[in-house]
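Remarks on the structure that follows.
Bear in mind that the values in this text are calculations on the coordinates, not laboratory data. Source: prediction; values computed, not measured. A quick note on method: Cβ atoms are made from the backbone with ideal geometry, for glycine too, and the neighbour counts reach across all protein chains shown.
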Amino acid sequence: EISKGGFLDRHIKVIQDVYRERRNVMLGAMDAYFPPGVEWTHPEGGLFLWGTMPEQLDAADVFKEAVKQKVAFVPGYSFYPTGGGENTMRLNFSYASPENIQAGIARLGHVIEKSIDSVCCFNNAFLDENYRRFYQQQEIQKGGNHTHRTRRYDPSNYCRISKEGLAILLQEKI
């Protein structure tokens, strides 16, 4: 019955248009609200986007905070039968309205940003800067020149350290 009269073909077209709009809204919101270091897929079809957060984040921890902000996703490790994917997430765009997608992604972006901050991430440029100062002092004492170069943001340069660990590190002479 459902295939008679072209109903199914018309319905599929409507659903494709709805999902395309919702996917595009989610992609635009992720561009606007997700912090640097978060990457995501740009699917041509389907119902989901796949996101990858910086390695130091655990999607299960981010999920707990996201739920407190009334937004949810599926932590990606569930899709890795042999382990891995702890920093990944699956986001569904098929159910929520474009307005709710926009608001939810804004909240999730804020949660991810706070999560990055809460693990006190610092990149090797932090260490490089301290070593640079040390070597500058050595070169100045020797009467030489010194140069240094800065690094662009690269999530692979980041490591995870607790706030307490960072405080101890900062007290040490580098």
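The table that follows gives values for the structure above.
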read-out	value
For segment 4-10, 3J(HN,Hα) per residue [Karplus equation, 6.51 cos²θ - 1.76 cosθ + 1.60, θ = phi - 60°, Hz, x = Gly/Pro]	7, x, x, 4, 4, 4, 5
W40 long-range amide H proximity, modeled H, under 5 Å	T52
Unit charges on C-beta of K, R, D, E only; dipole of segment 1-82, Debye	380
Qualifying GluC sites (Glu not before Pro) in segment 29-82, DSSP loop, other Cβ atoms within 10 Å at most 12	E44
